[in-house]
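What follows is a single structure, written as C-alpha coordinates, with notes after it.
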Amino acid sequence: MVKYPNLEKVATWRSKGDIFYLCTICRYCISETYEYLDGEDKSAGYQNLCPTFDLWEHEAYSSLGRISIARALYEGKMELTDKALELIYACSLCGACREECFARRRTKYYEIHEAKPSPFDPMEILLALRRDAVELGKGPLPVQQGWMKQIVEKNNPYYEAHEARLDWLKPEIREKLPKEAEVVYFVGCTSAYRQKNIANATVNILEKTGVNYTIMDPEEWCCGSPAYMTGRMDVFKRQLEHNIEAVKKYKAKRVITSCAGCYRMWKKEYPETLGVKLPFEVLHTVELLQELVKNGKIRLENKVEKTVTYHDPCHIGRHLRDGGELYKPLFEPPREVLQAIPGITLKEMPRKLWYSFCCSSGGGFRSAFPRESIEIASRRVKEALDQKVDALVSTCPFCYRNFKDAIEEKKFNIELYDVVELVEKAMA
Ligand code: SF4
Ligand code: SF4
(Lines give C-alpha, C1' and ligand atoms only; values in the text may rest on other atoms or scores of the structure.)
(Ligands and ions follow the chains in the order given, each with its own letter.)
Protein backbone atom coordinates (compact mmCIF):
# COMPACT_ATOMS: atom_id res chain seq x y z
CA MET A 1 0.00 0.00 0.00
CA VAL A 2 1.26 3.50 -0.85
CA LYS A 3 1.81 5.38 2.39
CA TYR A 4 1.80 8.83 0.77
CA PRO A 5 -0.75 8.65 -2.08
CA ASN A 6 -1.16 12.42 -2.43
CA LEU A 7 2.56 12.90 -2.54
CA GLU A 8 2.91 10.19 -5.13
CA LYS A 9 0.48 12.01 -7.43
CA VAL A 10 2.59 15.18 -7.50
CA ALA A 11 5.96 13.41 -7.21
CA THR A 12 5.65 11.54 -10.46
CA TRP A 13 6.82 13.13 -13.69
CA ARG A 14 8.27 10.41 -15.88
CA SER A 15 8.60 7.72 -13.25
CA LYS A 16 7.48 7.34 -9.63
CA GLY A 17 9.06 9.81 -7.25
CA ASP A 18 11.35 11.35 -9.86
CA ILE A 19 10.11 14.92 -9.25
CA PHE A 20 12.17 15.17 -6.09
CA TYR A 21 15.33 14.74 -8.14
CA LEU A 22 14.51 17.86 -10.11
CA CYS A 23 15.46 19.82 -7.00
CA THR A 24 19.15 20.46 -7.45
CA ILE A 25 19.59 21.96 -3.98
CA CYS A 26 20.51 25.27 -5.61
CA ARG A 27 19.08 27.21 -2.62
CA TYR A 28 17.55 29.91 -4.82
CA CYS A 29 14.24 29.34 -3.01
CA ILE A 30 15.81 30.62 0.20
CA SER A 31 17.26 33.91 -0.91
CA GLU A 32 16.89 36.35 -3.76
CA THR A 33 19.28 38.79 -5.35
CA TYR A 34 17.06 40.72 -7.80
CA GLU A 35 19.79 40.84 -10.40
CA TYR A 36 17.71 38.95 -12.95
CA LEU A 37 14.54 41.02 -12.57
CA ASP A 38 14.52 43.28 -15.63
CA GLY A 39 13.43 46.78 -14.81
CA GLU A 40 12.87 45.99 -11.16
CA ASP A 41 14.31 48.04 -8.34
CA LYS A 42 17.49 46.21 -7.42
CA SER A 43 18.18 48.33 -4.36
CA ALA A 44 16.89 45.65 -2.03
CA GLY A 45 19.97 43.59 -2.90
CA TYR A 46 20.31 40.19 -1.36
CA GLN A 47 17.59 39.12 1.08
CA ASN A 48 16.01 35.97 2.43
CA LEU A 49 12.86 35.43 0.43
CA CYS A 50 11.43 32.61 2.53
CA PRO A 51 9.85 34.19 5.61
CA THR A 52 10.24 31.12 7.78
CA PHE A 53 13.89 30.68 6.81
CA ASP A 54 14.37 34.39 7.50
CA LEU A 55 13.05 33.81 11.00
CA TRP A 56 14.51 30.44 12.02
CA GLU A 57 17.67 30.71 9.89
CA HIS A 58 17.69 26.97 9.40
CA GLU A 59 17.34 25.18 6.07
CA ALA A 60 14.76 22.78 7.51
CA TYR A 61 12.43 25.80 7.66
CA SER A 62 12.70 26.47 3.93
CA SER A 63 11.23 24.96 0.80
CA LEU A 64 14.44 23.04 0.17
CA GLY A 65 14.30 21.56 3.68
CA ARG A 66 10.63 20.61 3.36
CA ILE A 67 11.15 19.01 -0.05
CA SER A 68 14.01 16.98 1.40
CA ILE A 69 11.67 15.83 4.18
CA ALA A 70 8.99 14.92 1.61
CA ARG A 71 11.50 12.90 -0.38
CA ALA A 72 12.83 11.08 2.70
CA LEU A 73 9.28 10.25 3.84
CA TYR A 74 8.23 9.09 0.37
CA GLU A 75 11.29 6.89 0.05
CA GLY A 76 10.77 5.42 3.53
CA LYS A 77 14.00 6.86 4.86
CA MET A 78 12.34 8.62 7.78
CA GLU A 79 9.14 8.51 9.80
CA LEU A 80 6.58 11.28 10.09
CA THR A 81 7.74 12.34 13.56
CA ASP A 82 6.27 15.22 15.58
CA LYS A 83 9.22 17.40 14.56
CA ALA A 84 8.74 16.59 10.86
CA LEU A 85 5.06 17.42 11.24
CA GLU A 86 5.92 20.76 12.83
CA LEU A 87 8.27 21.60 9.95
CA ILE A 88 5.62 20.71 7.37
CA TYR A 89 3.18 23.12 9.02
CA ALA A 90 5.70 25.85 9.89
CA CYS A 91 5.22 27.38 6.46
CA SER A 92 2.76 30.08 5.40
CA LEU A 93 2.46 28.55 1.91
CA CYS A 94 3.21 31.99 0.54
CA GLY A 95 4.66 30.63 -2.68
CA ALA A 96 7.74 32.89 -2.83
CA CYS A 97 9.93 29.79 -3.08
CA ARG A 98 7.96 28.58 -6.08
CA GLU A 99 8.43 31.88 -7.90
CA GLU A 100 12.15 31.79 -7.38
CA CYS A 101 12.40 28.11 -8.26
CA PHE A 102 10.33 28.65 -11.42
CA ALA A 103 12.07 31.89 -12.40
CA ARG A 104 15.58 30.57 -12.02
CA ARG A 105 15.16 26.93 -12.86
CA ARG A 106 12.79 27.35 -15.79
CA THR A 107 15.56 28.61 -17.99
CA LYS A 108 18.33 26.55 -16.49
CA TYR A 109 16.71 23.12 -16.49
CA TYR A 110 13.15 22.72 -17.60
CA GLU A 111 13.53 24.24 -21.02
CA ILE A 112 16.29 21.76 -21.71
CA HIS A 113 13.86 18.99 -20.82
CA GLU A 114 11.00 20.71 -22.67
CA ALA A 115 8.81 20.41 -19.61
CA LYS A 116 6.64 23.50 -19.58
CA PRO A 117 5.09 24.54 -17.30
CA SER A 118 7.43 23.16 -14.70
CA PRO A 119 6.37 19.76 -13.35
CA PHE A 120 8.17 20.56 -10.12
CA ASP A 121 6.05 22.71 -7.83
CA PRO A 122 7.24 23.14 -4.22
CA MET A 123 3.82 24.37 -3.06
CA GLU A 124 1.95 21.42 -4.54
CA ILE A 125 4.42 19.03 -2.91
CA LEU A 126 3.85 20.60 0.49
CA LEU A 127 0.05 20.66 0.11
CA ALA A 128 0.10 16.98 -0.90
CA LEU A 129 2.26 16.15 2.09
CA ARG A 130 -0.17 17.92 4.42
CA ARG A 131 -3.06 15.92 2.92
CA ASP A 132 -1.15 12.70 3.51
CA ALA A 133 -0.35 13.74 7.08
CA VAL A 134 -4.10 14.20 7.65
CA GLU A 135 -4.94 10.86 6.04
CA LEU A 136 -2.34 9.17 8.27
CA GLY A 137 -4.15 10.64 11.30
CA LYS A 138 -1.28 12.95 12.25
CA GLY A 139 -2.07 16.35 10.73
CA PRO A 140 -2.85 19.13 11.05
CA LEU A 141 -1.31 20.47 14.28
CA PRO A 142 -3.54 20.34 17.41
CA VAL A 143 -4.41 24.06 17.37
CA GLN A 144 -5.38 23.80 13.70
CA GLN A 145 -7.54 20.77 14.52
CA GLY A 146 -9.37 23.04 16.95
CA TRP A 147 -10.07 25.44 14.07
CA MET A 148 -11.42 22.60 11.94
CA LYS A 149 -13.82 21.55 14.70
CA GLN A 150 -15.06 25.14 14.94
CA ILE A 151 -15.53 25.37 11.16
CA VAL A 152 -17.67 22.24 11.19
CA GLU A 153 -19.65 23.19 14.30
CA LYS A 154 -19.93 26.98 13.93
CA ASN A 155 -19.00 27.67 10.30
CA ASN A 156 -16.04 29.85 11.32
CA PRO A 157 -12.60 29.10 12.78
CA TYR A 158 -12.70 31.87 15.41
CA TYR A 159 -14.66 30.11 18.16
CA GLU A 160 -17.52 32.57 17.51
CA ALA A 161 -21.27 31.87 17.25
CA HIS A 162 -22.62 31.54 13.73
CA GLU A 163 -25.54 33.77 14.78
CA ALA A 164 -23.04 36.59 15.49
CA ARG A 165 -21.60 36.55 11.96
CA LEU A 166 -23.42 39.70 10.86
CA ASP A 167 -23.45 41.54 14.18
CA TRP A 168 -21.35 44.32 12.61
CA LEU A 169 -24.09 45.13 10.09
CA LYS A 170 -26.52 47.97 10.85
CA PRO A 171 -29.94 46.40 11.71
CA GLU A 172 -31.76 48.62 9.20
CA ILE A 173 -29.50 47.31 6.38
CA ARG A 174 -29.66 43.73 7.59
CA GLU A 175 -33.44 43.72 7.68
CA LYS A 176 -33.76 44.72 4.05
CA LEU A 177 -31.17 42.34 2.57
CA PRO A 178 -32.96 40.73 -0.39
CA LYS A 179 -33.25 36.97 -0.88
CA GLU A 180 -32.25 37.35 -4.52
CA ALA A 181 -29.69 39.81 -5.90
CA GLU A 182 -27.25 40.36 -8.73
CA VAL A 183 -24.24 40.42 -6.39
CA VAL A 184 -23.58 38.35 -3.27
CA TYR A 185 -21.07 39.99 -0.95
CA PHE A 186 -19.23 37.05 0.65
CA VAL A 187 -17.90 38.74 3.78
CA GLY A 188 -15.55 35.97 4.99
CA CYS A 189 -14.83 35.00 8.60
CA THR A 190 -12.01 37.48 9.26
CA SER A 191 -13.96 40.54 8.06
CA ALA A 192 -17.11 39.31 9.80
CA TYR A 193 -15.57 38.62 13.21
CA ARG A 194 -12.24 40.43 13.40
CA GLN A 195 -11.76 43.19 10.80
CA LYS A 196 -15.28 44.55 10.79
CA ASN A 197 -13.89 47.88 9.54
CA ILE A 198 -13.38 46.22 6.12
CA ALA A 199 -16.89 44.73 6.03
CA ASN A 200 -18.46 48.02 7.11
CA ALA A 201 -16.56 50.09 4.53
CA THR A 202 -17.56 47.60 1.81
CA VAL A 203 -21.24 47.71 2.68
CA ASN A 204 -21.19 51.52 2.95
CA ILE A 205 -19.80 51.72 -0.59
CA LEU A 206 -22.29 49.17 -1.95
CA GLU A 207 -25.14 51.14 -0.37
CA LYS A 208 -23.93 54.47 -1.73
CA THR A 209 -23.38 53.20 -5.26
CA GLY A 210 -26.72 51.42 -5.51
CA VAL A 211 -25.25 48.04 -6.44
CA ASN A 212 -27.95 45.36 -6.34
CA TYR A 213 -26.31 43.24 -3.63
CA THR A 214 -27.10 41.00 -0.72
CA ILE A 215 -25.30 39.06 1.99
CA MET A 216 -26.17 35.41 2.59
CA ASP A 217 -27.89 35.63 5.96
CA PRO A 218 -27.67 33.09 7.57
CA GLU A 219 -26.21 30.86 4.83
CA GLU A 220 -22.65 32.23 4.60
CA TRP A 221 -20.12 29.70 5.93
CA CYS A 222 -16.30 29.82 6.12
CA CYS A 223 -14.89 29.46 2.60
CA GLY A 224 -12.78 26.50 3.75
CA SER A 225 -9.39 28.06 3.04
CA PRO A 226 -7.93 27.10 6.46
CA ALA A 227 -9.01 23.50 5.80
CA TYR A 228 -7.64 23.47 2.24
CA MET A 229 -4.29 24.90 3.26
CA THR A 230 -3.80 22.49 6.17
CA GLY A 231 -4.83 19.38 4.23
CA ARG A 232 -8.34 18.83 5.66
CA MET A 233 -9.95 18.28 2.28
CA ASP A 234 -13.03 16.69 3.88
CA VAL A 235 -13.84 19.95 5.67
CA PHE A 236 -12.93 22.03 2.61
CA LYS A 237 -15.33 20.06 0.38
CA ARG A 238 -18.14 20.43 2.92
CA GLN A 239 -17.70 24.21 2.88
CA LEU A 240 -17.48 24.58 -0.88
CA GLU A 241 -20.56 22.45 -1.57
CA HIS A 242 -22.63 24.43 0.90
CA ASN A 243 -21.44 27.87 -0.24
CA ILE A 244 -21.95 27.22 -3.94
CA GLU A 245 -25.50 25.94 -3.39
CA ALA A 246 -26.24 28.95 -1.18
CA VAL A 247 -25.12 31.43 -3.87
CA LYS A 248 -27.25 29.59 -6.45
CA LYS A 249 -30.25 29.99 -4.15
CA TYR A 250 -29.72 33.75 -4.17
CA LYS A 251 -29.61 33.65 -8.00
CA ALA A 252 -26.51 35.85 -7.98
CA LYS A 253 -24.56 36.60 -11.15
CA ARG A 254 -21.52 37.71 -9.19
CA VAL A 255 -19.83 36.90 -5.89
CA ILE A 256 -17.48 39.48 -4.40
CA THR A 257 -15.06 38.80 -1.56
CA SER A 258 -13.09 41.10 0.76
CA CYS A 259 -10.53 38.46 1.53
CA ALA A 260 -7.62 37.24 -0.57
CA GLY A 261 -7.95 33.74 0.91
CA CYS A 262 -11.69 33.53 0.14
CA TYR A 263 -11.03 34.83 -3.37
CA ARG A 264 -8.51 32.10 -4.13
CA MET A 265 -10.96 29.46 -2.92
CA TRP A 266 -13.92 30.80 -4.94
CA LYS A 267 -11.96 31.70 -8.03
CA LYS A 268 -9.57 28.77 -8.33
CA GLU A 269 -10.05 25.92 -5.86
CA TYR A 270 -13.88 25.59 -5.92
CA PRO A 271 -14.12 25.14 -9.71
CA GLU A 272 -10.89 23.11 -9.94
CA THR A 273 -11.95 20.75 -7.14
CA LEU A 274 -15.38 20.16 -8.71
CA GLY A 275 -14.05 20.23 -12.27
CA VAL A 276 -16.83 22.62 -13.33
CA LYS A 277 -17.26 26.26 -14.31
CA LEU A 278 -19.23 28.05 -11.61
CA PRO A 279 -22.53 29.55 -12.86
CA PHE A 280 -21.55 33.01 -11.58
CA GLU A 281 -18.57 35.34 -11.79
CA VAL A 282 -16.16 35.73 -8.86
CA LEU A 283 -14.49 39.06 -8.13
CA HIS A 284 -12.39 40.50 -5.37
CA THR A 285 -13.96 43.68 -3.95
CA VAL A 286 -11.07 45.64 -5.37
CA GLU A 287 -12.00 44.54 -8.90
CA LEU A 288 -15.55 45.79 -8.36
CA LEU A 289 -14.14 49.08 -7.02
CA GLN A 290 -11.98 49.39 -10.14
CA GLU A 291 -15.06 48.85 -12.32
CA LEU A 292 -17.21 51.32 -10.36
CA VAL A 293 -14.50 53.98 -10.53
CA LYS A 294 -14.14 53.44 -14.29
CA ASN A 295 -17.86 53.63 -15.03
CA GLY A 296 -18.28 56.70 -12.83
CA LYS A 297 -20.53 55.08 -10.22
CA ILE A 298 -17.87 55.87 -7.64
CA ARG A 299 -16.73 59.48 -7.71
CA LEU A 300 -13.51 59.98 -5.82
CA GLU A 301 -13.69 63.65 -4.94
CA ASN A 302 -12.36 64.00 -1.40
CA LYS A 303 -8.62 64.48 -1.18
CA VAL A 304 -6.78 61.86 0.89
CA GLU A 305 -3.34 63.45 1.31
CA LYS A 306 -1.17 60.44 2.06
CA THR A 307 1.91 58.71 0.75
CA VAL A 308 1.20 55.00 0.86
CA THR A 309 2.82 51.73 -0.05
CA TYR A 310 0.93 48.65 -1.16
CA HIS A 311 1.44 45.08 0.07
CA ASP A 312 0.47 42.36 -2.46
CA PRO A 313 -1.36 39.54 -0.61
CA CYS A 314 -0.02 36.15 -1.77
CA HIS A 315 -3.49 34.64 -2.32
CA ILE A 316 -4.57 37.22 -4.90
CA GLY A 317 -1.05 37.57 -6.23
CA ARG A 318 1.42 34.88 -7.12
CA HIS A 319 -0.91 32.06 -5.97
CA LEU A 320 -2.95 32.76 -9.11
CA ARG A 321 -0.22 31.99 -11.63
CA ASP A 322 -0.83 29.89 -14.73
CA GLY A 323 -4.63 30.29 -14.69
CA GLY A 324 -4.92 31.20 -18.37
CA GLU A 325 -8.33 32.78 -19.03
CA LEU A 326 -9.74 31.54 -15.72
CA TYR A 327 -7.75 33.53 -13.20
CA LYS A 328 -4.72 35.75 -12.94
CA PRO A 329 -2.92 37.69 -10.19
CA LEU A 330 -4.68 40.90 -9.15
CA PHE A 331 -1.67 43.18 -9.31
CA GLU A 332 -3.24 46.04 -11.31
CA PRO A 333 -6.70 46.63 -9.75
CA PRO A 334 -5.58 47.76 -6.25
CA ARG A 335 -2.88 50.01 -7.71
CA GLU A 336 -5.24 51.54 -10.25
CA VAL A 337 -7.84 52.25 -7.55
CA LEU A 338 -5.27 53.75 -5.18
CA GLN A 339 -3.88 55.99 -7.91
CA ALA A 340 -7.38 57.20 -8.76
CA ILE A 341 -7.78 58.64 -5.25
CA PRO A 342 -6.92 62.34 -5.25
CA GLY A 343 -4.04 63.17 -2.92
CA ILE A 344 -2.66 59.61 -2.74
CA THR A 345 0.97 59.07 -3.73
CA LEU A 346 1.85 55.42 -4.21
CA LYS A 347 5.44 54.46 -3.40
CA GLU A 348 6.26 50.84 -4.11
CA MET A 349 8.31 48.59 -1.86
CA PRO A 350 11.17 46.84 -3.66
CA ARG A 351 9.59 43.46 -2.89
CA LYS A 352 6.29 43.58 -4.72
CA LEU A 353 4.08 41.76 -7.26
CA TRP A 354 5.42 38.22 -7.77
CA TYR A 355 8.14 38.86 -5.17
CA SER A 356 6.04 40.35 -2.36
CA PHE A 357 7.30 39.35 1.10
CA CYS A 358 4.55 37.43 2.90
CA CYS A 359 2.85 38.82 6.05
CA SER A 360 2.81 35.15 7.17
CA SER A 361 -0.74 34.95 8.43
CA GLY A 362 -1.83 32.35 5.86
CA GLY A 363 -1.41 28.62 5.33
CA GLY A 364 -2.45 27.90 8.93
CA PHE A 365 0.81 29.51 10.09
CA ARG A 366 -0.60 32.26 12.30
CA SER A 367 -2.84 29.88 14.24
CA ALA A 368 0.00 27.46 14.99
CA PHE A 369 2.87 29.94 15.32
CA PRO A 370 1.35 33.24 16.51
CA ARG A 371 4.54 34.78 17.94
CA GLU A 372 6.60 33.93 14.89
CA SER A 373 3.85 35.16 12.59
CA ILE A 374 3.79 38.61 14.19
CA GLU A 375 7.59 38.78 14.06
CA ILE A 376 7.55 38.11 10.31
CA ALA A 377 4.74 40.64 9.78
CA SER A 378 6.79 43.24 11.66
CA ARG A 379 9.70 42.67 9.24
CA ARG A 380 7.34 43.48 6.37
CA VAL A 381 6.06 46.59 8.19
CA LYS A 382 9.70 47.72 8.54
CA GLU A 383 10.08 47.43 4.77
CA ALA A 384 7.09 49.74 4.41
CA LEU A 385 8.58 52.17 6.95
CA ASP A 386 11.82 52.21 4.95
CA GLN A 387 9.84 53.80 2.09
CA LYS A 388 9.08 56.78 4.36
CA VAL A 389 5.32 56.52 3.82
CA ASP A 390 2.36 57.53 5.97
CA ALA A 391 0.49 54.28 5.51
CA LEU A 392 0.73 50.62 4.61
CA VAL A 393 -2.22 49.48 2.48
CA SER A 394 -3.37 46.01 1.54
CA THR A 395 -6.53 44.36 0.40
CA CYS A 396 -6.92 41.33 2.61
CA PRO A 397 -8.33 41.20 6.17
CA PHE A 398 -5.88 38.44 7.07
CA CYS A 399 -2.86 40.55 6.09
CA TYR A 400 -4.49 43.54 7.79
CA ARG A 401 -4.88 41.68 11.06
CA ASN A 402 -1.29 40.49 11.19
CA PHE A 403 0.06 43.93 10.30
CA LYS A 404 -2.22 45.55 12.88
CA ASP A 405 -0.95 43.25 15.62
CA ALA A 406 2.67 43.84 14.57
CA ILE A 407 2.20 47.62 14.47
CA GLU A 408 0.54 47.68 17.90
CA GLU A 409 3.02 45.33 19.51
CA LYS A 410 6.15 47.00 18.14
CA LYS A 411 4.67 50.50 18.35
CA PHE A 412 5.52 51.27 14.71
CA ASN A 413 4.61 54.76 13.60
CA ILE A 414 2.61 53.93 10.46
CA GLU A 415 -1.07 53.97 9.52
CA LEU A 416 -2.77 50.88 8.14
CA TYR A 417 -5.65 50.67 5.65
CA ASP A 418 -7.49 48.30 3.40
CA VAL A 419 -8.00 49.79 -0.09
CA VAL A 420 -11.76 49.81 0.53
CA GLU A 421 -11.34 52.14 3.53
CA LEU A 422 -9.41 54.71 1.49
CA VAL A 423 -12.02 54.56 -1.26
CA GLU A 424 -14.77 55.18 1.28
CA LYS A 425 -12.86 58.22 2.62
CA ALA A 426 -12.45 59.62 -0.89
CA MET A 427 -16.02 59.10 -2.07
CA ALA A 428 -18.17 62.08 -2.78
S1 SF4 B 1 15.04 26.69 -5.92
FE2 SF4 B 1 13.95 24.83 -6.51
S3 SF4 B 1 15.58 23.48 -7.23
FE4 SF4 B 1 16.61 25.10 -6.05
S5 SF4 B 1 16.77 24.25 -3.95
FE6 SF4 B 1 14.85 25.41 -4.06
S7 SF4 B 1 13.29 23.86 -4.57
FE8 SF4 B 1 15.29 22.97 -5.06
S1 SF4 C 1 5.82 28.80 0.80
FE2 SF4 C 1 6.79 30.66 1.69
S3 SF4 C 1 7.17 30.12 3.85
FE4 SF4 C 1 6.76 28.19 2.77
S5 SF4 C 1 8.79 27.41 2.17
FE6 SF4 C 1 8.02 28.64 0.43
S7 SF4 C 1 8.84 30.70 0.76
FE8 SF4 C 1 9.05 29.60 2.71
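Just to check your reading of the model, which residue among Tyr270, Tyr185 is open to solvent by less than 10 Å² (accessible area, probe 1.4 Å), in a helix (DSSP H, G or I) and of a type in the set (Phe, Trp, Tyr)?
Tyr270
Can you tell me which of Arg98, Arg71 is open to solvent by 10 Å² or more (accessible area, probe 1.4 Å), within 9 Å of ligand 1 (Cβ to nearest atom) and assigned to a helix (DSSP H, G or I)?
After ruling out the rest, the residue left standing is Arg98.
Residues in the range 370-390: is at least one under 20 Å from Asn200 (Cβ atoms) and at pLDDT 95 or above?
no
The values are calculated or read from the model by the stated rules, or taken from the named source; none is laboratory data. It should be emphasised that the depicted structure is a prediction, and the values quoted were computed from it without experimental measurement. So basically every Cβ, Gly included, is an ideal-geometry build from the backbone, and we count neighbours across all protein chains shown. These accessible areas exclude ligands, DNA and RNA; they are computed on the full protein's heavy atoms, side chains included. Shrake-Rupley method; radii C 1.70, N 1.55, O 1.52, S 1.80 Å.
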